[in-house]
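The structure appears below as structure tokens.
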Amino acid sequence: MKTWNSAPVPDIAGHGGPLRIQDTATGTKQVVHPENGEAGLYVCGITPYDATHMGHAATYVTFDLVVRVWRDAGLEVTYVQNVTDVDEPLLERAERDGVPWQDLAEEQIDLFREDMEALHVIAPQHYVGAVEGIPDDVTAVRQLLATDTAYTVPVSNEEADLQDVYLDLATQPSFGSVSGWSRDQMFEVFAERGGDPDREGKRDPLDPLLWRAHREGEPHWHGAELGDGRPGWHIECTTIALRYLGESFTMQGGGTDLIFPHHEMSAVQSQALTGQPFARTYVHQAMVGLDGEKMSKSKGNLVLVSALRRSGVDPMAIRLALLGQHYREPWEWTDQILEQAVDRLASWRAAVAADQPDGDAGEVPSVVAEIRAALAQDLNAPAAIRAVDEWVRSGAPGHRPTVVAAIDALLGVSL
Ligand code: 5CA
Ligand code: ZN
């Protein structure tokens, strides 16, 4: 699938240190800096039916910081993101609005690309639709059946040849290793996050759906001996990550709403296929809310990037508003947060535009080291912003073009 255009990333002198970041699976901070100099990142993309709200934007800006910090530390980064371009919520919304689901998806993906470009999010090298991955899903599900780690459940007694396929979690000792949750915790969210605990014939109510046999009126693809149908949500991300990043890549990312079941299931399915751990670290963006609730398409309490852009808000101010919140702290979007970011952007721009001596071109001002250090410590963007504020307050000393380039390269904010 076509990706978007990345704004150029200026070169800056020197290198930042290795990234230390909180890993959900171990619950500890880890230094994530592969020895071979190559980092692989998989971030779960949108389900394209109502893009892009501030929660999505926060997630993609957070992982954009990971890409920037890694590159600044001298790593080569392969970044993969998916689009869940066929799934229940997309189909339901298309049905409600009386439009073909493909059209709705295409329109929302276009809007998402525009939003990402405007926010200066570096594009992934591989932007992959779930539909594009279906042949790999079929191969994977057939392999899981062949190795007895998956089983079939007939759709109904009358149509015994129509069969859904589930992963048999009992065969997978690594299940639970991403979230570390108890079964009680898992059951609390499983149904509301796309699971089907009450489906008759499953061996364990938590077993994830791998292949859904074709039902009347639903989109479907050929599945060889699986029959016609479509893949389950988690296997889509498993196979896209494996194809483009290989086994045991560096980092899997997304919002905390994906820790369970999505990332847990994607990982256990991969382990069942390859015998190897899926990602080496799991990083999650805390939920962004509005008026006391998680911002979500299903609730409809949305502040959209595109709507703000249309109303004339500078996308760099939106980006600064997001960067002002630490990724691990849940927070609520308010107009005040945006107003502060608009003011901050104006003050930074005024400081670098002011007619003053420019300092020594050979020297890297200390504020650059402070930005680097803040980001390398669990992506502390608010601390990086405070360092720039302080530099601005003290009259923007040192070689200004170097600082402007660093703010652009490391924070993605173009002044
Ligand atoms: N297509 C799936 C992932 S394969 C999906 O979760 N799509 S989504 O459109 O619902 O969300 C896209 C990304 O934004 C996911 O990484 C999700 O975890 C994140 N996200 C969704 N809502 C919020 C929110 N309120 N705050 C922060 N991140 C969010
Ligand atoms: Zn995903």
The condition from (1) within 11 Å of ligand 1 (Cβ to nearest atom); (2) among the β-branched types (Val, Ile, Thr); (3) more than 24 Å from residue 155 (Cβ to Cβ) that residue 305 misses is numbered (1)
Looking at (1) open to solvent by less than 50 Å² (accessible area, probe 1.4 Å); (2) at pLDDT 95 or above, which one does residue 170 not meet, given that it meets all the others? (1)
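How many residues does region 42-59 contain that are part of a helix (DSSP H, G or I) and more than 8 Å from ligand 1 (Cβ to nearest atom)? Lay out the reasoning, then the answer.
Our first condition is that a residue be part of a helix (DSSP H, G or I); within region 42-59, this holds for 54-59.
If we keep only those that are more than 8 Å from ligand 1 (Cβ to nearest atom) too, we end up with 57.
The total comes to 1.
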For region 131-167, name all the residues that are of a type in the set (A, V, I, L, M, F, W, C), out of contact with any strand residue (DSSP E or B) (no Cβ under 6 Å at 6 or more places or on another chain) and open to solvent by less than 40 Å² (accessible area, probe 1.4 Å). 138, 140
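Quick one: in region 105-125, of everything that is more than 16 Å from ligand 2 (Cβ to nearest atom) and not in a helix (DSSP H, G or I), which residue is most open to solvent (accessible area, probe 1.4 Å)?
First, the residues of region 105-125 that are more than 16 Å from ligand 2 (Cβ to nearest atom): 106-108, 110-111, 113-123, 125.
Those left that are additionally not in a helix (DSSP H, G or I): 119-123, 125.
On the way: 119: 1, 120: 40, 121: 3, 122: 10, 123: 15, 125: 103 Å².
Per the stated criteria, the residue is 125.
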Which residue is farthest from the chain's Cα centre (by Cα), if the candidates are limited to region 160-191 and must be without any contact (Cβ under 8 Å) to a residue 12 or more places away in the chain and not in a loop (DSSP other than H, G, I, E, B)? 184
Among (1) open to solvent by 30 Å² or more (accessible area, probe 1.4 Å); (2) of a type outside the set (S, T, N, Q); (3) more than 23 Å from residue 32 (Cα to Cα) - the single one residue 242 does not satisfy: (3)
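Determine, yes or no, whether residue 102 is outside any helix (DSSP H, G or I), open to solvent by 30 Å² or more (accessible area, probe 1.4 Å) and outside the structural domain of residue 403 (by TED's automatic domain parsing).
It is false that residue 102 is outside any helix (DSSP H, G or I), open to solvent by 30 Å² or more (accessible area, probe 1.4 Å) and outside the structural domain of residue 403 (by TED's automatic domain parsing).
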State which residue is nearest to ligand 1 (Cβ to nearest atom) when the search covers only region 248-285 and only residues that are open to solvent by less than 10 Å² (accessible area, probe 1.4 Å), under 12 Å from the mean Cα position of the chain (by Cα) and among the aliphatic types (A, V, I, L, M). 283
Which condition from (1) of a type in the set (Lys, Arg); (2) under 23 Å from the mean Cα position of the chain (by Cα); (3) open to solvent by less than 60 Å² (accessible area, probe 1.4 Å) is the one that residue 199 breaks? (2)
Kindly indicate the residue of region 219-247 that is of a type in the set (Phe, Trp, Tyr) and within 25 Å of residue 91 (Cα to Cα) and also nearest to ligand 1 (Cβ to nearest atom) among those meeting that condition. 233
Looking at region 235-242, can you tell me whether even one residue there is assigned by TED's automatic domain parsing to the domain that holds residue 75 and away from ligand 2 (no atom under 14 Å from the Cβ)? no
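Restricting attention to strands (runs of 3 or more DSSP E) lying wholly within region 242-308, give those where 3 or more residues are small (Gly, Ala, Ser).
Working: elements: 249-255, 279-285, 288-290.
In region 242-308, the matching strands (runs of 3 or more DSSP E) lie at 249-255.
The values are calculated or read from the model by the stated rules, or taken from the named source; none is laboratory data. What you see is a predicted model; the values in this text were computed from it and never measured. Positions of Cβ are backbone-derived with ideal geometry, glycine not excepted, and every protein chain shown enters the neighbour counts. Areas reflect the complete protein model, heavy atoms only, side chains present, ligands, DNA and RNA absent. Shrake-Rupley method; radii C 1.70, N 1.55, O 1.52, S 1.80 Å.
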